[in-house]
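Here is the structure we will look at, set down as structure tokens.
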Amino acid sequence: MGADGRYDLDEQLLLRQLKEGNERAFTYFYDSHSAVIYRKLKKMVRVEELADELLQDVFVRLWDKRHLIDPEKPLRAYLFLIAQNLVYDFYRKLNRDERLQTAVLKDFTESYLHTEEELFAKETEELLHKAIDQLPAQQQLVFRLCKLEGKTYQQVSQELGISTATINTHIFRATKSIKEFMYNYNHVAMQVIIASVITDLARKL
């Protein structure tokens, strides 16, 4: 960027070359702008994998629409507009497609239960306890003793006078119920996020 706020002649030349289909010019702009576009996308969609996919879509769209490039104007602003439109399209599709919602929520929910450390992470502790509170009394007791207090199945078996097989059944059913609770909780939260993002982006378009 020059001192007068305009692009340097070399960059203007590269923009003209990109507009004409020069792949080296495309690589230059990808290397120059992909990091900042990724940060914007990640802030909007909050999921790294999705931001990665949308970033690639942004530059595919740039290449496909390169004939629309104005070499006299900053490319970054054009890239931001493409990114914003792609996010808007994604959330509109997500709002209509229940199967897509299910897939996104499945990945999100499994992140809570991928490991015990993640399950009991500070940011999910309150939600976890809400889920545990919904369990039948015996399941709740067994889950708390085994998973929260760290007791072995054998210790809990002796303490409660039930078999380890019964304990295993309680843990399996409790974990399934907790996952369903978190899924439903996050499903409602996602609907709110979708509505909010669509409304916010619509104002900017």
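The values are calculated or read from the model by the stated rules, or taken from the named source; none is laboratory data. The structure presented is a predicted model; accordingly, all values stated were derived computationally and were not measured. Because the Cβ atoms are built from the backbone with ideal geometry, glycine has one as well, and the counts that use them run over all protein chains shown.
Scanning the stretch 63-82 for residues that are more than 16 Å from residue 41 (Cβ to Cβ) and either without any contact (Cβ under 8 Å) to a residue 12 or more places away in the chain or part of a loop (DSSP other than H, G, I, E, B) (or both) yields a total of 9. Consider the stretch 150-193 and keep the residues that are modelled with pLDDT of 80 or more and of a type in the set (Lys, Arg). The one that is surrounded by the fewest Cβ atoms within 10 Å (Cβ to Cβ) is 176. Does residue 80 satisfy the criteria of being over 30 Å from residue 176 (Cβ atoms), at pLDDT 90 or above and in contact with a Phe, Trp or Tyr (Cβ under 6 Å, 6 or more places away or on another chain)? Taking the combined requirement at face value, the residue does not satisfy it.
If you take the residues in the stretch 33-45 that are without any contact (Cβ under 8 Å) to a residue 12 or more places away in the chain and under 11 Å from the mean Cα position of the chain (by Cα), which one is surrounded by the most Cβ atoms within 10 Å (Cβ to Cβ)?
Step one: list which residues in the stretch 33-45 are without any contact (Cβ under 8 Å) to a residue 12 or more places away in the chain, which gives 35, 39, 42-43.
Okay, now just the ones that are also under 11 Å from the mean Cα position of the chain (by Cα), so 42-43.
Working: 42: 16, 43: 10.
Among them, the one singled out is 42.
Under 21 Å from residue 13 (Cα atoms) and touching a residue at least 40 places away in the same chain (Cβ under 8 Å) - does that describe any residue in the stretch 88-98? So far as the stretch 88-98 goes, no, none of its residues is under 21 Å from residue 13 (Cα atoms) and touching a residue at least 40 places away in the same chain (Cβ under 8 Å).
Note on the stretch 21-62: residues that are at positive phi and modelled with pLDDT under 90 total 1.
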